[in-house]
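Remarks on the structure that follows.
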Amino acid sequence: MTLEAFTKALEEEFEEITPGTISPDSNYREIEGWSSMHALIVIAFVDNHYDIILSAADLKQTSTIKDLYNIVQQRVG
Amino acid sequence: MIDLKGKKIAVTGASSGIGREVAILVSKLGADLILTGRNQEALNETASQIATNCEVILCDLSVEEEIENFAKKIKSIDGLAHCAGIVQPFPIKFIKSKHIDTVLKINLYSGILLCSNLLRNKSFNNGSSLVFISSVSADHPYNGSALYSISKKGLEAFARSFSLEQSIQKMRANVVVPALVNTNIYEKTKAAYDEEFIKKIEAQYPLGIGEPIDVANMIAFLLSNNAQWITGTSIKMDGGLLLNNNT
């Protein structure tokens, strides 16, 4: 999955967000209405697409969608 | 005064958190112990703090065969503190059967299978006391807790069934139902959230969040003969969290 596809697919999981609102460089914690539920969605999204379980510490290291994508790519190897 | 001298207690999930605290406390109260968990090094660390006789048996309770082998090694016990469990929040729309399996195998099936094996092997002495750990989220879910809440509510139902079926042998089964407890799992969870969010959560507890020893104290009481008339109950421990919640 490319970075762009990753961003679009993740955005679709945040159902209340207007499509096209977030980009790879978006700080995902600054998305309007961000809550603990969104963090769970990020973890579940990565688990279901890549079979990788991100930890709380992994999330803490990231700010943007691109950061997330890069961590996933490192794990995929 | 709680006295557990002369009793042998098995503690699952003894490598950390509440399980470790229970092991240390019931040892101080005189019980001999069988400790189990998945992490040998962590179990040894727990065992190093035990003053009474203590046997460490490595077992992955998510694997049925390992449960059977573990149960075979237990010849005679007077109590079981089943503290093994995992917390894996997951939003419902992402749940697949593998996620259900992961959570239920360790949080629910392991307790059921361990008890059924121990009963078949006649390992429980008459008058044995079993204590399971549920969670207030069994009745008061949080985002992502569906599978965890199901597993804990199931455990409560199982404990009541067990207490009914085995009452003829004066065996008892009870459940402690804690809210947030300051374990290493909580420490890891905190790392994902900003400080303000964590402060907001903790502020909901009039008596503060729990410590493992708070839960261990109740478990030790339930394991003891002081609780000989208590069976089939679920005892909530929440530091006052739900006082303003009418559900």
- prompt: Which residues, taken from the stretch A:24-41, are more than 10 Å from chain B (Cβ to nearest Cβ) and at pLDDT 90 or above?
  reply: A:24, A:25, A:26, A:27
query: Taking the stretch A:1-21, which residues are closer than 21 Å to residue B:91 by Cα, away from chain B (no Cβ under 14 Å) and aliphatic (A, V, I, L, M)?
result: A:17
- prompt: Restricting the search to the stretch B:5-36, which residues are touching a helix residue (DSSP H, G or I) at 6+ places or on another chain (Cβ under 8 Å), more than 20 Å from residue B:61 (Cβ to Cβ) and surrounded by fewer than 24 Cβ atoms within 10 Å (Cβ to Cβ)?
  reply: B:7, B:24, B:25, B:29
query: Of the conditions (1) within 24 Å of residue B:116 (Cα to Cα); (2) touching a strand residue (DSSP E or B) at 6+ places or on another chain (Cβ under 7 Å); (3) crowded, with 16+ Cβ neighbours inside 10 Å, residue B:181 fails just one. Which one is it?
result: (1)
Tally, over the stretch B:136-164, of residues that are among the small types (Gly, Ala, Ser), within 22 Å of residue B:224 (Cα to Cα) and surrounded by 19 or more Cβ atoms within 10 Å (Cβ to Cβ): 2
task: May I ask you to verify whether residue B:57 is modelled with pLDDT of 95 or more, of a type in the set (Val, Ile, Thr) and in contact with a strand residue (DSSP E or B) (Cβ under 9 Å, 6 or more places away or on another chain)?
output: yes
query: Is there a residue in the stretch B:196-213 that is part of a loop (DSSP other than H, G, I, E, B), aliphatic (A, V, I, L, M) and within 14 Å of another protein chain (Cβ to nearest Cβ)?
result: no
field: Scope the stretch B:114-148; condition in a helix (DSSP H, G or I) and not small (Gly, Ala, Ser); matching residues
entry: B:114, B:115, B:117, B:118, B:119, B:120, B:136, B:147, B:148
query: For the stretch B:48-59, which residues satisfy the criterion of being within 17 Å of residue B:8 (Cβ to Cβ) and surrounded by fewer than 19 Cβ atoms within 10 Å (Cβ to Cβ)?
result: B:51, B:52, B:53, B:55, B:56, B:57
query: Just checking, which of B:62, B:116 is surrounded by fewer than 16 Cβ atoms within 10 Å (Cβ to Cβ), more than 14 Å from every other protein chain (Cβ to nearest Cβ), under 26 Å from residue B:26 (Cα atoms) and not aliphatic (A, V, I, L, M)?
result: B:116
- prompt: Does residue B:158 satisfy the condition of being part of a helix (DSSP H, G or I) and at pLDDT 95 or above?
  reply: yes
- prompt: So is residue A:55 surrounded by 13 or more Cβ atoms within 10 Å (Cβ to Cβ) and in contact with a strand residue (DSSP E or B) (Cβ under 8 Å, 6 or more places away or on another chain) or not?
  reply: no
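The values are calculated or read from the model by the stated rules, or taken from the named source; none is laboratory data. On a predicted model such as this, the values are computed, not experimentally measured, just so you know. Because the Cβ atoms are built from the backbone with ideal geometry, glycine has one as well, and the counts that use them run over all protein chains shown.
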